[in-house]
1. Scan segment 24-36 for residues that are closer than 19 Å to VAL159 by Cβ and either among the aliphatic types (A, V, I, L, M) or in contact with a strand residue (DSSP E or B) (Cβ under 9 Å, 6 or more places away or on another chain) (or both) and jot them down.
2. So ASP164 passes all but one of these: (1) among the charged types (D, E, K, R); (2) in contact with a Ser or Thr (Cβ under 8 Å, 6 or more places away or on another chain); (3) surrounded by fewer than 18 Cβ atoms within 10 Å (Cβ to Cβ). Which condition number does it fail?
3. Go through the residues of segment 44-66 one by one and say whether even a single one is under 28 Å from VAL14 (Cβ atoms) and in contact (Cβ under 8 Å) with a residue 24 or more places away in the chain.
4. Anything in segment 18-36 that is small (Gly, Ala, Ser) and over 15 Å from the mean Cα position of the chain (by Cα)? List them, or say none.
5. In segment 83-119, what residues are of a type outside the set (Asp, Glu), on the phi < 0 side of the Ramachandran plot, loosely packed, with under 14 Cβ neighbours inside 10 Å and out of contact with any Pro (no Cβ under 7 Å at 6 or more places or on another chain)?
6. Given (1) within 17 Å of HIS23 (Cβ to Cβ); (2) of a type in the set (Ser, Thr, Tyr); (3) more than 17 Å from the chain's Cα centre (by Cα), where does TYR155 come up short, assuming only one miss?
7. Suppose the filter is at pLDDT 95 or above and either of a type in the set (A, V, I, L, M) or over 19 Å from ASP35 (Cα atoms) (or both); does ALA189 pass it?
8. Show the residue pairs meeting these rules: Cβ distance below 8 Å; 6+ apart or different chains; first residue within segment 83-111 and over 23 Å from PHE43 (Cβ atoms); second residue of a type in the set (Val, Ile, Thr) and in a strand (DSSP E or B).
Amino acid sequence: MSKKLYEQITNALVEDGYIIIPHAIQNELSSKLLDAAKQINNFKRASISRANNQQIDDERRKDKISWLDYDNGVQSEFLHFTDGLKEYLNRELFLGLTYFESHFAIYEEGDFYETHLDAFKDSKNRVVTVVYYLNENWEEGDGGKLVIYDEDENYLKTVLPHADTLVVFLSDRFPHEVLQANTIRYSIAGWFRVDKR
């Protein structure tokens, strides 16, 4: 199953630069990841800017995060999937990806993230963005949609954050935003990078 999914993602990155895949991996995995996220009690406010110049800015984003790690459990299961994708992308597209970093993100009622690019200006360290949604029975009125724009900031797509929906795109090409959530919203956001860990 993974090889077919890796191939689908790779082809889409070449042709369009992005892909949105409902029912991508397995509902059981997204459900277990949701349970794991709900057990975390040390979510921290997400910052903006690079590591050496991080700031909290309520005008730009209000989500909270907790970094994923190999835990010999469900986080490892997801990270093994991304390890395989990294190897496949490197083999097929010669991207030179060195590692994947990711975190759980929680948006509480009223939280949002304004339009931004994942690759910092004048930096090519983040190459491919991966977002995986964990929300069961999400409805239109729950808000928290991902809105993706093209390089000229023209509207491209809106994504409801339904469980087991996977979004993958080139980090330096697609500005995107998370609209205000009207109920608690869980996801994983991550980036394949080309620098040293």
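The values are calculated or read from the model by the stated rules, or taken from the named source; none is laboratory data. A quick note: this is a predicted structure, and the numbers were derived from the prediction, not measured. Methodologically, a virtual Cβ is constructed for each residue, glycine included, from the backbone with ideal geometry; neighbour enumeration extends over all protein chains shown.
1. Matches in segment 24-36: ALA24, ILE25, LEU29, SER30, LEU33, LEU34.
2. ASP164 satisfies all of (1) among the charged types (D, E, K, R); (2) in contact with a Ser or Thr (Cβ under 8 Å, 6 or more places away or on another chain); (3) surrounded by fewer than 18 Cβ atoms within 10 Å (Cβ to Cβ) except (3).
3. Initial filter on segment 44-66 (under 28 Å from VAL14 (Cβ atoms)): none.
Within segment 44-66 (the criterion being under 28 Å from VAL14 (Cβ atoms) and in contact (Cβ under 8 Å) with a residue 24 or more places away in the chain), the answer is no, since none of the residues qualifies.
4. Looking only at segment 18-36, we keep the residues that are small (Gly, Ala, Ser), and these are 24, 30-31, 36.
Once the filter is applied, which keeps residues that are small (Gly, Ala, Ser) and over 15 Å from the mean Cα position of the chain (by Cα), segment 18-36 yields SER31, ALA36.
5. Passing the criteria: only ARG91.
6. Failed condition: (1).
7. On the way: at pLDDT 95 or above: yes; either of a type in the set (A, V, I, L, M) or over 19 Å from ASP35 (Cα atoms) (or both): yes.
In short, yes.
8. Close Cβ pairs (under 8 Å, with a partner that is of a type in the set (Val, Ile, Thr) and in a strand (DSSP E or B)) amount to LEU85/VAL130; LEU89/VAL128; LEU95/VAL127; LEU95/VAL128; LEU97/VAL127; LEU97/VAL128.
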